[in-house]
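Heads up: the structure comes next, in structure tokens.
The values are calculated or read from the model by the stated rules, or taken from the named source; none is laboratory data. All figures in this text were calculated on a predicted structure; none of them were measured in a lab. Glycine gets a Cβ as well: all are built from the backbone with ideal geometry, and neighbour counts include every protein chain shown. Accessible surface is based on the protein model in full, side chains and every heavy atom, while ligands, DNA and RNA are left aside. Shrake-Rupley method; radii C 1.70, N 1.55, O 1.52, S 1.80 Å.
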Amino acid sequence: QVRLVESGGGLVQPGGSLRLSCAASGVILRIDRMGWFRQAPGKEREWVAGFDQSGSASYSASVKGRFTASRDNAKKMMYLQMSSLKPEDTAVYYCNADLIDGNLYTRISPWGRGTQVTVSS
């Protein structure tokens, strides 16, 4: 069974940094798009950053210049380096991917369970 697992969340002061990781496991033939999303209390889930099928990274306007996404295809990992964190970055951060499941031979789009990021003094 294909799974995505996020880690690296925690409590950080404004202006601080955190690095999130997303690990994909299971039989995966190919990972196309991968992305980070977040959901703050009482708000809709929103896209934060991610990679398109060509491997190019893009960012939402709210995090551009502060967050950096990276990817290790060999390890089936994705990372989100977050710097200059603000209280409004507080949210549960989720990993999502469009991939080809090697057992089902079909495209699926699993989500991780999320990791909490809290920015507070």
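Quick check, is TYR59 free of Cβ contacts under 8 Å to residues at least 24 places away in the same chain and among the aromatic types (Phe, Trp, Tyr)?
yes
Which residues, counting only those in segment 29-50, are open to solvent by 20 Å² or more (accessible area, probe 1.4 Å) and among the aromatic types (Phe, Trp, Tyr)?
PHE37, TRP47
Pick from segment 1-49 the residues that are without any contact (Cβ under 8 Å) to a residue 24 or more places away in the chain and assigned to a strand (DSSP E or B): which of them is farthest from the chain's Cα centre (by Cα)?
Filtering first and then ranking leaves GLU46.
Check off (1) more than 19 Å from LEU11 (Cα to Cα); (2) surrounded by fewer than 17 Cβ atoms within 10 Å (Cβ to Cβ) for LYS76 and give me the number that stays unchecked.
That leaves (2) as the condition not met.
Pick from segment 50-68 the residues that are of a type outside the set (S, T, N, Q) and in a strand (DSSP E or B): which of them is farthest from the chain's Cα centre (by Cα)?
Here the residue is LYS64.
Within segment 99-110, track down each residue that is under 19 Å from PHE51 (Cβ atoms) and either touching a Cys at 6+ places or on another chain (Cβ under 7 Å) or part of a loop (DSSP other than H, G, I, E, B) (or both).
SER109, PRO110
Identify all residues within segment 69-98 that are part of a strand (DSSP E or B) and in contact with a Leu (Cβ under 9 Å, 6 or more places away or on another chain); write none if there are none.
ALA69, SER70, MET78, TYR79, LEU80, GLN81, MET82, TYR93, TYR94, CYS95, ASN96, ALA97
Just give me the residues in segment 1-51 being among the charged types (D, E, K, R) and closer than 24 Å to THR90 by Cβ, in sequence order.
GLU6, ARG19, ARG38, LYS43, GLU44, ARG45, GLU46
With (1) crowded, with 16+ Cβ neighbours inside 10 Å; (2) over 12 Å from GLU46 (Cβ atoms) as the list, and SER70 as the residue in question, which single condition is left unmet?
(1)
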